[in-house]
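Peer 1: Quick one: structure below, then a few questions.
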Amino acid sequence: MTARILIVEDEEPLAMLLRYNLEAEGYEVETAARGDEADTKLKERTPDLIVLDWMLPGLSGIELCRRLRARAETKTLPIIMLTARGEESEKVRGLATGADDYIVKPFSVPELLARVRALLRRANPERVAAVLVIGEIELDREKKRVSRTGRAVDLGPTEYRLLEFLMERPGRVFSREQLLDGVWGSEIYIDERTVDVHVGRLRKALNRGQQRDPIRTVRGSGYAFDDRFGKAI
Ligand code: CA
């Protein structure tokens, strides 16, 4: 599961440039050209980070930032604010409004990418780690390989993404709908029972010849990666 980034920027060439470079780094990118449009998008789906321009039509970056901080779901959402040169005092206001970082235009793309990486690492270290390890299960994101007790586990692409999604947030229970959204993507319509089918396949592959099942079924709620897995019983 790659990190999702929302770019809110009304200068189209800049938005395109950022999208291109962030996608090249492997992030999933969405853009909005207006503050109010971004606000609507953010109510539907929370990204992992937002790159937010200061001056925007519809709703200013500052106002949007203030609103995001006031909402429980986006209270800690990492925000990088873009400001124009000469708005030095405004930078201070930006941080006071709750942005995590700011960058002055014009800036270099590598600098922005470095800030994005740093902020994501700080906000969610497991999101950027190359290898996720929980107990005897290892998931290597670079090689896209999974192993248990050192032995390779053969997974299909959907089972792999499902396991990655769950391992990134051990202990957290996800509904079928949340899993569809996070693993399959919100634009695709799939029956929620599809999730059960893939969880079944994941379990089968993962638990072959093993005693303990790391995937927990929470009746009436959904699924979780057992956060007690890997700890002594
Ligand atoms: Ca602008």
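The values are calculated or read from the model by the stated rules, or taken from the named source; none is laboratory data. Bear in mind that the values here come from a model prediction, so they are computed numbers and not experimental data. Quick reminder, even Gly has a Cβ in these numbers, built from the backbone with ideal geometry, and neighbours come from all protein chains shown.
Peer 1: Tell me, please, whether a residue that is within 11 Å of the ligand (Cβ to nearest atom) and either under 13 Å from the mean Cα position of the chain (by Cα) or crowded, with 20+ Cβ neighbours inside 10 Å (or both) can be found in the stretch 11-33. Don't jump to the end; show me each part of the working.
Peer 2: Pass one, the stretch 11-33, residues within 11 Å of the ligand (Cβ to nearest atom): 11-12, 14-15, 33.
Subset that is either under 13 Å from the mean Cα position of the chain (by Cα) or crowded, with 20+ Cβ neighbours inside 10 Å (or both): none.
Among the residues of the stretch 11-33, not one is within 11 Å of the ligand (Cβ to nearest atom) and either under 13 Å from the mean Cα position of the chain (by Cα) or crowded, with 20+ Cβ neighbours inside 10 Å (or both), which makes the answer no.
Peer 1: When only residues in the stretch 34-54 that are of a type in the set (Val, Ile, Thr) and surrounded by fewer than 17 Cβ atoms within 10 Å (Cβ to Cβ) count, which is farthest from the ligand (Cβ to nearest atom)? Before you say what the answer is, go through the steps one by one.
Peer 2: Filtering the stretch 34-54 down to residues of a type in the set (Val, Ile, Thr) leaves 40, 46, 50-51.
Filter once more, keeping what is surrounded by fewer than 17 Cβ atoms within 10 Å (Cβ to Cβ): 40, 46.
Details: Thr40: 18, Thr46: 23 Å.
Selected residue: Thr46.
Peer 1: Can you list residue pairs whose Cβ atoms sit under 7 Å apart, with the first residue in the stretch 207-222 being in the same structural domain as Arg176 (by TED's automatic domain parsing) and the second being of a type in the set (Phe, Trp, Tyr) and not in a strand (DSSP E or B)? Count only pairs 6 or more apart in sequence or on different chains.
Peer 2: Within 7 Å, the pairs are Arg212/Phe229; Pro214/Phe229.
Peer 1: Here's another thing I want to ask about it. Being touching a strand residue (DSSP E or B) at 6+ places or on another chain (Cβ under 8 Å) and at pLDDT below 95 is the filter here, so list the residues in the stretch 15-28 that pass it.
Peer 2: Leu22, Glu23, Tyr27, Glu28
Peer 1: Cβ-Cβ distance below 8 Å, separation of 6 or more or different chains: which pairs start in the stretch 55-77 with a residue that is more than 16 Å from the ligand (Cβ to nearest atom) and end on one that is small (Gly, Ala, Ser)?
Peer 2: Arg66/Gly98; Leu68/Gly98; Arg69/Gly98; Thr76/Ala123
Peer 1: In this structure, is Arg117 at pLDDT 90 or above and either crowded, with 16+ Cβ neighbours inside 10 Å or more than 15 Å from the ligand (Cβ to nearest atom) (or both)? Can you show your working first?
Peer 2: Working: at pLDDT 90 or above: no; either crowded, with 16+ Cβ neighbours inside 10 Å or more than 15 Å from the ligand (Cβ to nearest atom) (or both): yes.
So Arg117 does not fit the description; no.
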